[in-house]
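Only one structure is covered here, and it is reproduced in the block below.
Just so it is clear, none of the values below were taken in a lab; they were calculated from the coordinates. Just so we're clear, the structure is a prediction, and the values are computed from it rather than from any experiment. Ideal geometry is used to build each Cβ from the backbone, glycine not excepted, and the neighbour counts take in all protein chains shown.
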Amino acid sequence: MRVLTVNAGSSSLKLALLDGDDEVLGECELPVGPQGADADADALGKALARELGGAEAASHRIVHGGERYREPVVLDEHVERQLAELTELAPLHQARSLAALATVRRALPGIPHVACFDTAFHAGIPPAARTYALPASWRERHPLRRFGFHGLSHAWVAARAPELLGADPGVRIVSCHLGAGASACAIEGGRSRDTTMGFTPLEGLVMATRSGDVDPGMLPWLMEHEQLSPAELADALEHRSGLLGLAGSGDMREVLDAAASREQRAVLALAVYVHRLRAGIAAMAAAIGGVQVLVFTGGVGERAPQVRAQAAAGLAFLGVALDGRRNASARGDCEIGAAGATVRTLVLHAREDIELARGARALLARTDQGFD
């Protein structure tokens, strides 16, 4: 089955057409503006006619599935309404994913459309890792738990890293998805055991424009002293914090260039980013009783050897050590750890498209949809 994978991010719409062997038959990346994926309907139509034609199903990355959706699901009006209700928990992504769905469905109305969820991979994390220490009455009324995100990327790491290394599938992995959003995940036995993101994609590591962890006591203090509404506070944490708030740019390439020129705010931003990343990796290692494989993936994880090197430099106590030459020249899926290091360190190309295609095929095979 040829599956069109649809991955809507905060700044782009990535599409790929995969055949039944997960070979890419065509792919493109379309920019999205303030109005989201709907603004690219014409460009999408041209791409579908030019290099993405022949799809028998479409598989959409949906960031938040809530407590209900823990596996891929065929999209219909009822499912879409429920997913729209989760938008406030992932405002940077959920609305764009649903806008992309609407655009692609209009272009391809005659094929099944499937949702695959970033939260699904983390659905089974243990109670100790998923539970917030909040009043019981709140937790009874609302789904106040740590959901975790980037699940499609971490799931690919869970499958690909042992394959590349010829290792036992049960190997203990810390996966670092570093892009505009960033999260680390503790993987044992191919399953997520803990992750740095929580109820929303705001928790955890420093990101491009998102704050990551902050003292919750600071938030009501800021609302009072800055006279902020909840919406204004949320906007600042989502859109004006992270690397952007520290360095004036959310683009890690620009931050690294500025830090190399000793621009002080960029130097500080990089130091904060790496400090939080090291702490996140160490916490994930503790969650699974130690790490055997450390993986960097995502745009920053794959293309910023300086970030990998600085993070690893503080993790020698875990057994992490990089080979400088291998790290600097890393391309595609490769190992960058030093010879003899206790922990094997990899760079893996993020393949959410394969996870999306496989999820759709498995669902449609079970439900007999989309097949002749």
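Given the DSSP H assignment, sum -39500 (n - 2.57) over each helix run of at least 4 residues in the chain and divide by its residue total; what's the result at 222 nm in deg cm²/dmol, nearest 500?
Helices in the chain give a 222 nm mean residue ellipticity of -12000 deg cm²/dmol.
Please report the relative contact order for the stretch 159-347, taking Cα pairs under 8 Å with a sequence separation of at least 6, and give it as a percent rounded to a whole number.
21 percent
Obtain the radius of gyration and the Kirkwood radius of the stretch 3-117 from its C-alpha atoms and give Rg over Rh.
Value, to two decimals: 0.94.
Just grab the label-to-label distance for residue 349 and residue 226, each label 7 Å out from Cα along the Cβ direction, in nm (one decimal).
Between residue 349 and residue 226, the simple spin-label model gives 4.0 nm.
What shape does the stretch 45-204 have by the C-alpha gyration tensor, where a ≥ b ≥ c are the square roots of the eigenvalues, rounded means a/c under 1.5, and otherwise prolate means a/b greater than b/c and oblate the rest?
Oblate, because a/c is 1.5 or more while a/b does not exceed b/c.
Take the Cβ-Cβ distance between residue 82 and residue 365 as r, set R0 to 30 Å, and report the resulting FRET efficiency rounded to the nearest 0.05.
Taking R0 as 30 Å, the efficiency between residue 82 and residue 365 is 0.80.
Got the relative contact order for the chain handy, in percent, Cα pairs under 8 Å and 6 or more residues apart?
15 percent
Note down the nm distance, to one decimal, between modelled labels 7 Å out along Cα→Cβ at residue 233 and at residue 323.
5.0 nm
Hey, what does the equivalent ellipsoid look like for the chain, semi-axes from the Cα gyration tensor as sqrt of 5 times each eigenvalue, largest first, whole Å?
Result for the chain: semi-axes of 31, 26, 22 Å.
Along the Cα→Cβ direction, 7 angstrom out, place labels at residue 167 and residue 24. What is the inter-label distance in nm?
Each label point lies 7 Å from its Cα, and together they span 2.5 nm.
Normalise the Cα radius of gyration of the stretch 89-177 by 2.2 N^0.38 Å (N = residues in it) and let me know the number.
Against the empirical 2.2 N^0.38 Å value, I get 1.44 for the stretch 89-177.
For residue 105 and residue 142, calculate 0.36 nm times their separation in residues minus their Cα-Cα distance, and state this gained length in nm to one decimal.
10.1 nm
Based on the alpha-carbon gyration tensor of the stretch 181-252 and its eigenvalue square roots a ≥ b ≥ c, which shape applies: rounded if a/c is under 1.5, prolate if not and a/b is larger than b/c, or oblate?
Since a/c reaches 1.5 but b/c is at least a/b, the shape of the stretch 181-252 is classed as oblate.
Order by neighbour count: 132, 273, fewest other Cβ atoms within 10 Å first, most last.
Final ranking by Cβ density, sparse to dense: 132, 273.
Which helices of the chain meet both criteria: a Cα extent of 30 Å or more along the helical axis and a mean Kyte-Doolittle score no lower than -0.5, with helices taken as whole DSSP H segments?
Span-like helices here: 264-287.
How would you order 219-226, 299-306 from highest to lowest mean count of nearby Cβ atoms within 10 Å?
299-306, 219-226
Along the Cα-to-C-beta direction of residue 283, a point sits 7 Å from the Cα; which residues of the stretch 120-140 have their amide N less than 12 Å from that point?
129-130
Calculate, for residue 70 and residue 253, the FRET efficiency according to 1/(1 + (r/R0)^6) with r their C-beta to C-beta distance and R0 41 Å; round to the nearest 0.05.
0.70
Set the Förster distance to 30 Å, then compute FRET efficiency between residue 338 and residue 271 from the Cβ-Cβ distance, nearest 0.05.
0.80
Take every Cα-Cα pair in the stretch 234-372 and report what % of them are more than 20 Å apart.
That tail contains 58 percent of the Cα-Cα pairs.
Determine ³J(HN,Hα), in whole Hz, for all residues of the stretch 291-296 in sequence, where each value follows from phi through the Karplus function 6.51 cos²θ - 1.76 cosθ + 1.60 and θ = phi - 60°; x replaces Gly and Pro.
Computed from phi, the couplings for the stretch 291-296 are 10, 10, 9, 10, 10, 10 Hz.
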